[in-house]
Structure formats: C-alpha cells, structure tokens
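What follows is a set of notes on a single structure, which appears directly below.
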Amino acid sequence: MATLFESFNTGDDNATGIDGANWEAQAFTPATAHTITSVKIKAYRANSPGTLTVSIRATDGSGLPTGADLVSGTLNVDAISAVSPGEWIEVSLGAGYNLSASTKYAIVMRIS
C-alpha cells in the first residue's frame, strides 16, 4: 500500500469538463521530497470519452504547467461511474517521479 504524502479533498463540490480541447490542471507544492507513484481524482464520466491521461508537469513562474510530462498514467474513463458527484479513482503513475520539497508542480488531466 502506498503512503499518502499530500492530499486535498475539501470543497470537492464543483465539476468541470475535460475533453480533447479542454485540459484541466491543479498546481501543488510538496511539503516533503518523495516519489509520486499515483494520483487520486474524483471523477464521473459523460458519454464514452475514452482514455484519460493524468500527468505531472513542471510549472512556470506563474504556476502554470509547462514542458513535457515528467510522469504519466492512463485510465479508461468508460469504465467509471456516470453518476454525479462521481467516485475517487486512483491513477497509477508507474515507477513514479521524484518530487522535490517546496517546488511547485501541476497535475494535468486530458482526454485523448
């Protein structure tokens, strides 16, 4: 079982759409250095969107994602619930990526 290093799950009462044209991201700053191997997201699907890619990226001076994926994982969204408000789903990031403490990163989500 993985060790939980960082979490933020309050205020999960809002929804936004992710599709081929609309990506979403959430910046975060680890308090301690650790290897990120998965991300949990609260999600539900509309229709049959296909594959969701969740990745970690560096951020620019404004806290916006920049550059290529540092690590990524995928999830078949067609297999998750279509009922709002959704469910918590874990997306594996394979071998993971070593995050540095006090460095801002972004969780980026997109549908292919």
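The values are calculated or read from the model by the stated rules, or taken from the named source; none is laboratory data. What you see is a predicted model, and the numbers here were worked out from it, not measured in a lab. Virtual Cβ from ideal backbone geometry, glycine too; neighbours counted across all protein chains shown. Accessible surface areas use protein heavy atoms only, side chains included; no ligands, DNA or RNA. Shrake-Rupley method; radii C 1.70, N 1.55, O 1.52, S 1.80 Å.
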W88 and S38 label points (each 7 Å along its Cα→Cβ direction) are spaced in nm at 1.1
If the chain between S81 and T51 were fully extended at 0.36 nm per residue, the gain over the current Cα-Cα distance would be 9.4 nm
Extension length gain for D69 and A95 (0.36 nm per residue less Cα distance), in nm, is 8.0 nm
Order by accessible surface, 1.4 Å probe, largest leading, for residues S112, S38 comes to S112, S38
